[in-house]
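What follows is a short report on a single structure.
The values are calculated or read from the model by the stated rules, or taken from the named source; none is laboratory data. If you're wondering where the values come from, they're calculated on a predicted model, not measured in any experiment. Positions of Cβ are backbone-derived with ideal geometry, glycine not excepted, and every protein chain shown enters the neighbour counts.
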Amino acid sequence: MNVLITGGTGNLGSRLVIPMVQRGNKVAVFDTRPQPHFDSAEFRSVDVILGDLADRNAVLQAILSHKIEAIFHLGAMLSSDAEEDPYRAWGVNMDGMVNVLDAARMGGTQKVIFSSTIATYGVHLEDPLRDDSPQWPLSLYGVTKVAGERLGVYYQHRFGLDFRAIRLPVVVAARGSGGGASAYCSAVFEGCVFKGNYDFYVRPTTRAPMLYVADAVRGLVALHDAPVGKLTRSVYNIAGISASAEELATSVRTLVPAAHITYTPDPLRSTIVESWPKHIDDLDARQDWGWKADWQLDRMANEIVGVLQDELARK
């Protein structure tokens with residue numbers, strides 16, 4: 001199968017390359033950066049296409065020239081970056097979504113898997129959060145992801161495209177902090193291992209639903225593989241870990257006892273995070289395609305700290 005991963009050199013996309021290549025697929029990645037966030041032997045066999053999702057011709061050419069059969073559309077500007085440059089974010093996240101879907105339709109692509117987010121929801125939600133809870137996001141990032149979901153479902157009904165999406169919680173990884181309001185969930189590990197300290201920009205009690213990156217990759221692959229007849233919806237919530245900043249800190253300090261952790265809440269970023277749901281009901285994903293998270297907080301922390309400490313020892 002010919003597979004395209006947009007955002008394919010990013011934190012999640014560069015890791016998704018591994019199982020896609022190991023299955024014998026011919027994989028291409030589309031991104032603005034040539035170097036992968038996570039390097040691997042598998043990544044060295046992919047075709048890296050440098051391009052901008054907002055460039056309709058570049059997206060169309062990538063899909064047509066590679067005869068793409070399945071797309072994992074992961075490319076996007078994240079929440080904090082989107083707030084700083086909303087016009088650019090609209091071009092990447094919204095124009096990019098239209099470009100991917102329309103190119104898939106024109107190129108005969110069989111399936112599009114879209115990485116959405118729990119940031120599509122707003123405040124005052126039921127707990128745990130259901131798939132069909134009202135979506136009234138407070139961030140531009142969340143707004144563009146809601147629109148992306150709806151547009152994908154439109155293409156499914158209008159053109160018969162097999163569109164599937166996962167609303168990911170915060171994806172946590174070694175070296176996984178980026179431009180999102182949730183960056184602290186990964187950055188705390190990096191700060192404590194490399195610098196011996198970390199200052200949270202959220203309150204100690206701020207709680208966010210999160211998922212270790214290995215589970216996020218596994219979820220995307222599992223949804224891709226699910227027989228269409230088993231799916232009762234197009235967009236699924238998935239759940240993993242629900243942890244407060246203080247619980248994250250405790251887990252890290254168990255492994256890095258000398259780490260000094262402080263809290264200086266930032267009004268913008270902490271408000272965005274606190275608007276997200278705290279617990280997620282992923283019953284439909286579990287029933288329809290057998291989803292279940294493998295990684296819990298302490299196991300995740302142990303893995304990430306080990307990876308970062310090995311990196312530090314090699315320097």
(request) Take residue 96 and decide whether it is surrounded by fewer than 24 Cβ atoms within 10 Å (Cβ to Cβ) and small (Gly, Ala, Ser). (result) no
(message) Quick check on this structure: which one of 301, 285 is outside the structural domain of residue 188 (by TED's automatic domain parsing), small (Gly, Ala, Ser) and in a helix (DSSP H, G or I)?
(response) 285
(message) Out of everything in segment 248-279 that is under 22 Å from the mean Cα position of the chain (by Cα) and in a loop (DSSP other than H, G, I, E, B), what residue ends up being surrounded by the most Cβ atoms within 10 Å (Cβ to Cβ)?
(response) 276
(message) Given the criteria under 24 Å from residue 147 (Cα atoms) and touching a residue at least 12 places away in the same chain (Cβ under 8 Å), does residue 256 qualify?
(response) no
(request) Out of 183, 147, 119, report the one residue that is within 23 Å of residue 13 (Cβ to Cβ), crowded, with 23+ Cβ neighbours inside 10 Å and in contact (Cβ under 8 Å) with a residue 24 or more places away in the chain. (result) 119
(request) Scan segment 86-123 residue by residue and report those that are over 21 Å from residue 137 (Cβ atoms), of a type in the set (Gly, Ala, Ser) and either in contact with a strand residue (DSSP E or B) (Cβ under 9 Å, 6 or more places away or on another chain) or not assigned by TED's automatic domain parsing to the domain that holds residue 137 (or both). (result) 103, 104
(message) Can you find, within segment 150-180, the residue that is surrounded by the most Cβ atoms within 10 Å (Cβ to Cβ) among those that are modelled with pLDDT of 90 or more and of a type in the set (D, E, K, R)?
(response) 167
(message) Among the residues that make up segment 288-297, is at least one of them among the aliphatic types (A, V, I, L, M) and more than 16 Å from residue 171 (Cα to Cα)?
(response) no
(message) Condition check: modelled with pLDDT under 95 and assigned by TED's automatic domain parsing to the domain that holds residue 268. Does residue 191 satisfy that?
(response) no
(request) Test residue 193 against the criterion of being crowded, with 21+ Cβ neighbours inside 10 Å and within 30 Å of residue 39 (Cβ to Cβ), and give yes or no. (result) yes
